[in-house]
Structures are given as C-alpha cells and as structure tokens.
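Before any comments, here is the structure.
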Amino acid sequence: MRWWDLPEVLALETELFPEDAWSEGMFWSELAHARGPRATRRYVVAEETSPDGTPRLAGYAGLAAAGGLGDVQTIAVAREQWGTGLGARLLTDLLQHATAFECDEVLLEVRVDNTRAQKLYERFGFEPIGFRRGYYQPGNVDALVMRLTVQGTGTDI
C-alpha cells in the first residue's frame with residue numbers, strides 16, 4: 001500500500017466498517033512504519049480490473065511486528081470479491097511477512113459478529129484466546145482475540 005492508494009482504501013474502509021472505520025491519519029501513521037530497513041509494518045493492496053479495463057481496489061491488509069510478535073491490523077475485501085479466496089491470499093501474504101519479521105506468534109482481533117472472518121482465521125490455524133469487551137466503538141462490540149504460532153520460528157505449534 002502506498003499513499004496514492006489511500007482514497008480507495010478509505011472508501012472501502014468506510015463501506016465495510018461504517019461504525020469503526022480507520023481514519024486517514026491512522027493509515028498514514030501505519031504507512032510511516034512500512035518502508036525502509038527498519039520497517040515494522042507490511043501493508044498490501046489487491047486490485048482487480050474493472051469492466052472498462054481500469055484497475056480498482058479489491059482489498060487490502062496490514063500487519064505490525066515488534067519483538068517477535070505480529071499483529072494483523074486489518075484485512076478488508078470488497079463485497080464483490082467475497083468467496084473468491086482474496087482474503088486468504090491477503091492473509092497468506094501477511095503471514096509470510098510475519099515470518100520475515102521473525103515473529104513467533106501472530107495475534108488479531110475480530111468482531112464477535114464477524115463469523116466469516118473468524119472461519120478464515122481458523123482455517124489458517126488461529127485459535128481463540130480471549131475477548132476484548134467493547135473493543136469496537138462506538139458500537140461497543142466485543143472483539144475475539146485469536147493467536148497463531150508461526151511455523152519455522154523454532155517454537156512449537
């Protein structure tokens with residue numbers, strides 16, 4: 001993800017997460033840590049070709065890493081792409097970068113009412129480890145916290 005992707009990213013963010021969408025400033029803050037030799041973030045976009053031949057945003061995802069711990073910050077897939085495997089491809093990219101960042105574990109929060117995302121994470125081996133009450137505001141929706149032990153880091157699965 002680059003700065004020029006932000007208008008489309010923000011539009012999709014608002015469409016998919018109307019109550020708790022990230023602000024432009026939040027994305028800028030994350031992107032500030034995604035480049036250079038000391039990068040601690042990975043943000044990626046996926047594009048599709050529209051019927052008129054122009055590229056358009058199909059989804060995006062982000063990972064933060066520090067001290068051997070990765071955190072899936074966001075994954076979003078345009079509704080017309082649901083069921084195509086794009087979410088799985090985005091998550092695969094993030095997990096490959098978690099390994100490159102030498103993460104032993106990857107955590108994420110997912111809305112308790114987002115069973116579609118929970119099933120995706122379970123397919124990848126994420127396990128529920130707790131809840132964060134009222135995490136998503138202003139709707140006061142709980143988050144399910146999930147964890148994955150990353151293979152190839154010398155820790156047990």
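The values are calculated or read from the model by the stated rules, or taken from the named source; none is laboratory data. This is a predicted model, so every value here is computed, not measured. All Cβ positions, even for glycine, are placed from backbone atoms using ideal geometry, and neighbour counts span all protein chains on display. Accessible surface is based on the protein model in full, side chains and every heavy atom, while ligands, DNA and RNA are left aside. Shrake-Rupley method; radii C 1.70, N 1.55, O 1.52, S 1.80 Å.
Structural remarks
- Members of region 93-128 found to be touching a strand residue (DSSP E or B) at 6+ places or on another chain (Cβ under 7 Å) and among the small types (G, A, S), listed by number: A98, A117, G125
- Conditions (1) out of contact with any Leu (no Cβ under 9 Å at 6 or more places or on another chain); (2) charged (D, E, K, R); (3) open to solvent by less than 30 Å² (accessible area, probe 1.4 Å); number of the one not met by D5: (1)
- Pairs are defined by a Cβ separation below 9 Å, a sequence spacing of at least 6 or placement on different chains, a first member in region 28-39 that is over 13 Å from Q73 (Cα atoms) and in contact (Cβ under 8 Å) with a residue 12 or more places away in the chain, and a second member that is open to solvent by less than 100 Å² (accessible area, probe 1.4 Å) and part of a helix (DSSP H, G or I); the pairs so defined are W28/L6.
- Restricting region 110-143 to residues that are under 20 Å from T92 (Cα atoms) and in contact with a Lys or Arg (Cβ under 7 Å, 6 or more places away or on another chain) leaves a set whose member that is surrounded by the most Cβ atoms within 10 Å (Cβ to Cβ) is F126.
- Positions within region 39-87 being assigned to a helix (DSSP H, G or I) and open to solvent by 20 Å² or more (accessible area, probe 1.4 Å), in sequence order: R79, E80, Q81
- Screening Q73 against (1) free of Cβ contacts under 8 Å to residues at least 40 places away in the same chain; (2) under 11 Å from the mean Cα position of the chain (by Cα) leaves a single unmet condition, (1).
- Only one entry in A34, A21 is modelled with pLDDT under 95, open to solvent by 20 Å² or more (accessible area, probe 1.4 Å) and not in a strand (DSSP E or B), namely A21.
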